[in-house]
1. How many residues, within the range 23-44, are buried (at least 24 other Cβ atoms within 10 Å of the Cβ) and more than 17 Å from I254 (Cα to Cα)?
2. Is it the case that some residue within the range 13-25 is outside any helix (DSSP H, G or I) and more than 25 Å from L121 (Cβ to Cβ)?
3. Any residue at all in the range 222-231 that's under 21 Å from A258 (Cα atoms), at pLDDT 90 or above and touching a Gly at 6+ places or on another chain (Cβ under 7 Å)?
4. Just one of K186, K211, K247 is free of Cβ contacts under 8 Å to residues at least 24 places away in the same chain and of a type in the set (D, E, K, R); which is it?
5. Scan the range 183-204 and give yes if some residue there is in contact with an Asp or Glu (Cβ under 9 Å, 6 or more places away or on another chain), closer than 25 Å to H129 by Cα and not polar (S, T, N, Q), otherwise no.
6. Would you call Y123 surrounded by 22 or more Cβ atoms within 10 Å (Cβ to Cβ) and in a helix (DSSP H, G or I)?
Amino acid sequence: MLKPWIQIIRPSNVLTAISDVLAGVALACLFLQSNLPDANSLIWITLSSMLLYTGGIVFNDVFDAELDRIERPERPIPSGKVKKSAAAFLGTLAFAVGCLLAFLVNITAFYIALAIVLMCLLYNGKAKHHFIAGPIVMGSCRGLNLLLGMAVLPASLIYWYIAIIPIIYIASVTNISRGEVYGNNKTAMLVSVGLYSIVVLTLLYFTFSSKNYLALIFILLFTSMIAMPLLKALKSLNPLDVRKAVKFGVLALILMNASWIAISGFWLLAIAVCAILPVSIYLAKKFAVT
């Protein structure tokens, strides 16, 4: 059946990768005061990002197969609907093609794609079970994905430190996810509230620095999407509410990246990225995000 294979890929999550690289491209243009690059580069780098994300998410289930037999027996591998070896092959293929497409853009993008592969494997194989390293390594995958977009204009990578923001953001979402099975992770969620605040304040800083004030609309939508489910989860500590906070944290990446694109002055592109959100939400209802 096709459904288990779609489930293991988590299509709603993969769509968020599109917004990552496009935000990176937009920020590169902002920093270098440049126009958007050619369409071919945008297409290759976007497909590369999606495939690299696919590889990472598939290997998540490959490495977690034994644990999922206990905690998530309904997942494709422990349920027997997808063979572990077949999933590993799919993940490897996605990584390989993703790196190849990055190479078609330029050698810098290729090196960053390789770094993403290594960080994905490090997270899935070792770091995810470490209290501190797990969220940081997972966040680094997203930070590198932003840099992958910036690599379309390699000179912009002197501003590499902007990748710290998606690292902080994804670290906070990963931190919340620690309680999605058993709940009772109030301390972790309070830490994530603080990390979320850093992200929002940074977006506001860049908004006022660039004087692109219409970006405030995107930032408001982003803040609302992450805050409401997290506050509910903090109050109830119910695993289902925690899982929902993680789900909306992942999906809200699209709005965070749309905010970056709007800050960079590319309004139509920001709106186009926002259009991904309802599709991603629909797919999230059909196929689990976590």
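The values are calculated or read from the model by the stated rules, or taken from the named source; none is laboratory data. Bear in mind that the values here come from a model prediction, so they are computed numbers and not experimental data. Cβ: placed from backbone, ideal geometry, glycine included. Neighbour counts: every protein chain shown.
1. Keep residues of the range 23-44 that are buried (at least 24 other Cβ atoms within 10 Å of the Cβ), which gives 23-28.
Still in the running and more than 17 Å from I254 (Cα to Cα): 28.
Selection size over the range 23-44: 1.
2. If we filter the range 13-25 for residues that are outside any helix (DSSP H, G or I), which is where we start, we get none.
Scanning the range 13-25, I find no residue that is outside any helix (DSSP H, G or I) and more than 25 Å from L121 (Cβ to Cβ), so the answer is no.
3. Yes, because at least one residue in the range 222-231 is under 21 Å from A258 (Cα atoms), at pLDDT 90 or above and touching a Gly at 6+ places or on another chain (Cβ under 7 Å).
4. On the way: K186 fails: free of Cβ contacts under 8 Å to residues at least 24 places away in the same chain; K247 fails: free of Cβ contacts under 8 Å to residues at least 24 places away in the same chain.
The conditions single out K211.
5. Going residue by residue through the range 183-204, those that are in contact with an Asp or Glu (Cβ under 9 Å, 6 or more places away or on another chain) are 183.
Pick out the ones that are also closer than 25 Å to H129 by Cα and you get 183.
Restricting the remaining residues to those that are not polar (S, T, N, Q) gives 183.
Within the range 183-204 (the criterion being in contact with an Asp or Glu (Cβ under 9 Å, 6 or more places away or on another chain), closer than 25 Å to H129 by Cα and not polar (S, T, N, Q)), the answer is yes, since at least one residue qualifies.
6. On the way: surrounded by 22 or more Cβ atoms within 10 Å (Cβ to Cβ): yes; in a helix (DSSP H, G or I): yes.
Yes; evaluated as a whole, the condition is true for this residue.
Each row is one residue, and each column tells you yes or no for (1) of a type outside the set (A, V, I, L, M, F, W, C); (2) farther than 22 Å from S19 by Cα; (3) at pLDDT below 85.
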position	(1), (2), (3)
I70	no, yes, yes
I132	no, yes, yes
L144	no, no, no
P154	yes, no, no
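The rows are residues; the columns are (1) over 19 Å from M50 (Cα atoms); (2) out of contact with any Gly (no Cβ under 7 Å at 6 or more places or on another chain); (3) in a helix (DSSP H, G or I); (4) modelled with pLDDT under 85.
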{"position": "M256", "(1), (2), (3), (4)": "no, yes, yes, no"}
{"position": "S259", "(1), (2), (3), (4)": "yes, yes, yes, no"}
{"position": "A262", "(1), (2), (3), (4)": "yes, yes, yes, no"}
{"position": "L269", "(1), (2), (3), (4)": "no, yes, yes, no"}
{"position": "S280", "(1), (2), (3), (4)": "no, yes, yes, no"}
{"position": "L283", "(1), (2), (3), (4)": "no, yes, yes, no"}
{"position": "A288", "(1), (2), (3), (4)": "no, yes, no, yes"}
